[in-house]
């Protein structure tokens, strides 16, 4: 038992991840996750909101198509917790 936040998210966060970051994602649910107190859940919500397309297992109900302009682009999060795209060749 050390100091610092628990590595295990609380039950409410786990349920929010299950409900809002599963197979069907919508902006309202992702916005809730983006404000979650657990840092990893917050990052998942913000990154999923940032990617306004469907790609692989990331399925947005409001953006069902793949955006070819984002091919080879990855989501990166800096210390400000704001996601941005970076192209990796």
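Just so it is clear, none of the values below were taken in a lab; they were calculated from the coordinates. Every value quoted in this text rests on a predicted model; they were computed, and no experiment measured them. Cβ coordinates were reconstructed from backbone atoms using ideal geometry, including for glycine residues, and neighbour counts include every protein chain displayed.
Do the sum for the chain: with -39,500 (n - 2.57) for every DSSP H run of n ≥ 4, divided by all residues, what is the mean residue ellipticity at 222 nm, to the nearest 500 deg cm²/dmol?
Details: 3 runs with 30 residues, N = 89.
About -10000 deg cm²/dmol.
Return, ordered by residue number, the residues of the range 20-48 whose backbone nitrogen is under 16 Å from a label point located 7 Å along Cα→Cβ of residue 73.
Only 47-48 fall inside the zone, counting backbone N under 16 Å.
Kirkwood Rh, the chain, all Cα pairs: how many Å? Before the final figure, lay out the partial values.
Numbers: mean 1/r = 0.0721 Å⁻¹.
One over the average 1/r among Cα pairs gives 13.9 Å for the chain.
Tell me, 53, 35 in order of fewest to most beta-carbon neighbours within 10 Å? Provide the component values of the computation, followed by the final result.
Values: 53 15, 35 11.
Listed from fewest to most nearby Cβ atoms, that is 35, 53.
Hey, what angle do you get for helix 11-20 against the long axis of the chain, alpha-carbon based, 0 to 90 degrees rounded to 10?
10
If you line up the long axis of helix 39-50 against the longest principal axis of the chain, both from Cα atoms, how many degrees apart are they, to the nearest 10?
The helix 39-50 is inclined about 20 degrees to the chain.
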